[in-house]
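**Q** Here's a structure for you.
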Amino acid sequence: MSLLAVREQFIKYYCGRYDLVVDTDAWQDNGADFFIRAGQKWLDTTYLIARASGKYFVNVGAGGWYSLIPSCRVVYSIWMSDMSEARWEVERRSLPGLRNIFPGDLSAVDRARPRIYAPLSLRTIPEVLETITIDEIGDNQYTIAGDIFTFNGILWAPPNEVDILLEVTAAFYQPTLNADEDQNWWTEEVPQVLCMAAARQLEITYRNTIGVKDWEESIKSELLGHEFDLADSESTGITQMEG
């Protein structure tokens, strides 16, 4: 189901706010999409379903020591592979932990097989629009053009000595719905839940806490089976606890 179809269903069956579209012929947006996108963001950050996680692959040239990950919420693991098709997992550390081992300028560290990584905060104060600061040490500042609000980042050390393929397993936001024809997991698998989440956001503007809770209960019952599927998938084949 496209965003246009979700918008129509949201107006017709979930809120009755026909002022949120231009007319009922083309169903063009006049405010409805604000609530639909807000509802999707709430769903993305509230419910852990199988499609919340995914893999991000990116090629990194020799000497690389960082990467930006789009639409990323939480990084779970990092794997790397080289042209010989050798693949290895990179050990996670905190950012202070990585810097205690490699305290200097990471770009100047001798290149080798990367062995540790750390999640990277991309926010600097004051914020500079359209500029992402990767790191700053001494007189060296590493910045690139971009929007900090749509990326997460990681650093690794030592820098890779050969070209690698970086594989990031993480929780990601579903693609944002902007154009009328846009689709994502919510619109295709559970469009009714997306409409409910948009209606919940609308209830918040009315300061109707009872209405908000009612929608939350309905959404929870709709997504319970998907959460069970994820739990079943993760537990299948496990016969004992590690330790």
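**Q** Looking at G153, G146, G138 in this structure, which one is in contact with a Ser or Thr (Cβ under 9 Å, 6 or more places away or on another chain), of a type outside the set (F, W, Y) and at positive phi?
**A** None of the other options fit; the residue is G146.
**Q** Moving on. Evaluate region 121-144: report whether one residue or more is of a type in the set (F, W, Y), surrounded by 12 or more Cβ atoms within 10 Å (Cβ to Cβ) and more than 23 Å from R87 (Cα to Cα).
**A** Yes, region 121-144 has at least one match.
**Q** Then there's this: Can you name every residue in region 134-171 that is outside any strand (DSSP E or B) and among the acidic types (D, E)?
**A** First, the residues of region 134-171 that are outside any strand (DSSP E or B): 138-139, 146-150, 158-159, 161-163.
Across region 134-171, the qualifying residues are D139, D147, E161, D163.
**Q** Residues that are basic (K, R), without any contact (Cβ under 8 Å) to a residue 24 or more places away in the chain and either assigned by TED's automatic domain parsing to the domain that holds V212 or in a helix (DSSP H, G or I) (or both): does region 49-69 have at least one?
**A** Among the residues of region 49-69, not one is basic (K, R), without any contact (Cβ under 8 Å) to a residue 24 or more places away in the chain and either assigned by TED's automatic domain parsing to the domain that holds V212 or in a helix (DSSP H, G or I) (or both), which makes the answer no.
**Q** Does region 62-83 contain any residue that is closer than 23 Å to D135 by Cβ, among the acidic types (D, E) and surrounded by fewer than 18 Cβ atoms within 10 Å (Cβ to Cβ)?
**A** Checked against the condition, which is being closer than 23 Å to D135 by Cβ, among the acidic types (D, E) and surrounded by fewer than 18 Cβ atoms within 10 Å (Cβ to Cβ), region 62-83 yields no hits at all.
**Q** Could you list, in sequence order, the residues of region 8-17 that are free of Cβ contacts under 8 Å to residues at least 40 places away in the same chain and surrounded by 15 or more Cβ atoms within 10 Å (Cβ to Cβ)?
**A** The answer is E8, I11.
**Q** Can you tell me which residue in region 1-42 is modelled with the lowest pLDDT, limited to those that are assigned to a loop (DSSP other than H, G, I, E, B), among the hydrophobic types (A, V, I, L, M, F, W, C) and closer than 17 Å to Q183 by Cα?
**A** So, considering only residues that are assigned to a loop (DSSP other than H, G, I, E, B), among the hydrophobic types (A, V, I, L, M, F, W, C) and closer than 17 Å to Q183 by Cα, the one modelled with the lowest pLDDT is M1.
**Q** Next up: Against the condition assigned to a helix (DSSP H, G or I), hydroxyl-bearing (S, T, Y) and on the phi < 0 side of the Ramachandran plot, how does T45 come out, does it pass?
**A** Yes: the conditions hold for T45.
**Q** On to the next question. Please identify the pairs in which a residue from region 124-143 that is of a type in the set (A, V, I, L, M, F, W, C) has its Cβ atom under 6 Å from the Cβ atom of a residue that is surrounded by fewer than 13 Cβ atoms within 10 Å (Cβ to Cβ), counting only partners at least 6 apart or on another chain.
**A** Note: pairs meeting the criteria are I132/I144.
**Q** I'd like to check something: does region 213-231 contain any residue that is in contact with a helix residue (DSSP H, G or I) (Cβ under 9 Å, 6 or more places away or on another chain), under 30 Å from W88 (Cβ atoms) and either assigned by TED's automatic domain parsing to the domain that holds P119 or at pLDDT below 95 (or both)?
**A** Among the residues of region 213-231, at least one is in contact with a helix residue (DSSP H, G or I) (Cβ under 9 Å, 6 or more places away or on another chain), under 30 Å from W88 (Cβ atoms) and either assigned by TED's automatic domain parsing to the domain that holds P119 or at pLDDT below 95 (or both), which makes the answer yes.
The values are calculated or read from the model by the stated rules, or taken from the named source; none is laboratory data. What you are looking at is a predicted structure, and each value in this text was computed from that prediction instead of being measured. Virtual Cβ from ideal backbone geometry, glycine too; neighbours counted across all protein chains shown.
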